[in-house]
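Just below is one structure, and these are the notes that go with it.
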Amino acid sequence: LSALRPREPHTAPRPRCTVPMSAAGHLYWSRAPTNPEGSVAPKKISTNTSSPAAAVDADKPWCPIFKWGQRGGTVYLTIFVPCLKGTDDVSIDITDRAVEFRAERVAEFAGGRSAARSYRLQLQLFAEVDASRCVHHLRHDHVRVELAKRR
């Protein structure tokens, strides 16, 4: 018989905001003092004070961000490498079934600091392309490669 009786609705009291209503007045929980008992003091991850660039392995090449798409008889490949200059060493090797991209550049940071970075991307293609009809365009933050599909 108790299973047929309707249950009482949950009527837990809602906490009252003691802060006058403002734009952030609904965040009453953020103004409550924290309970230091049982809490753990934050620890520093590293005490190394060197630059973040020094923590990166400079010998290992970076894999650049890239995207691709295709339309008709052309595959478009965009490879993003920030702050490319005409003096940077960029090489693109296109074969019938693969594309290899390499770039060496000097990254400049605030305060006059700089670090050498090398980028490398190797892609295996699904179908053959005509390497003699492929072109690439160097821009300030990316390289666009147009791969002509073999007919």
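The values are calculated or read from the model by the stated rules, or taken from the named source; none is laboratory data. Keep in mind it's a predicted model, so treat the numbers as computed, not measured. Glycine also receives a Cβ, built like all others from the backbone with ideal geometry; neighbour counts cover every protein chain displayed. Protein only, heavy atoms only, side chains kept; ligands, DNA and RNA dropped before computing areas. Shrake-Rupley method; radii C 1.70, N 1.55, O 1.52, S 1.80 Å.
In square angstrom, what is the accessible area per residue of the stretch 96-151 with a 1.4 angstrom probe?
Values: 3630 Å² over 56 residues.
For the stretch 96-151, the per-residue accessible area is 65 Å².
Carbon-plus-sulfur fraction of the accessible area of the stretch 60-151, 1.4 Å probe, in percent?
Values: 3130 of 6050 Å².
Carbon and sulfur atoms account for 52 percent of the accessible area of the stretch 60-151.
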Inset, instruction - Enumerate the calculated ³J(HN,Hα) couplings along the stretch 104-119 in order (Karplus 6.51 cos²θ - 1.76 cosθ + 1.60, θ = phi - 60°), each rounded to whole Hz, writing x wherever the residue is Gly or Pro. - result: 10, 9, 9, 7, 10, 10, 4, x, x, 7, 8, 8, 7, 10, 10, 10
Inset, instruction - Using only C-alpha atoms and all pairs of different ones, pull out the Kirkwood radius for the stretch 76-147 in Å with one decimal. - result: 13.1 Å
Inset, instruction - Give the ranking of ASP89, ASP96, ASP130 by solvent-accessible surface, highest area first, calculated with a 1.4 Å probe. - result: ASP89, ASP96, ASP130
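DSSP loop (so not H, G, I, E, B), at most 14 other Cβ within 10 Å: list which chymotrypsin sites (Phe, Trp or Tyr not before Pro) in the stretch 74-145 pass both filters.
Values: sites: TYR76, PHE80, PHE101, PHE109, TYR119, PHE126; in loops: PHE109, PHE126.
Those satisfying the criteria are PHE109, PHE126.
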Inset, instruction - Just grab the label-to-label distance for ARG150 and LYS67, each label 7 Å out from Cα along the Cβ direction, in nm (one decimal). - result: 3.0 nm
Inset, instruction - Leaving ligands, DNA and RNA out of it, work out the accessible area of THR95 with a 1.4 Å probe and give it in Å² to the nearest 10. - result: 60 Å²
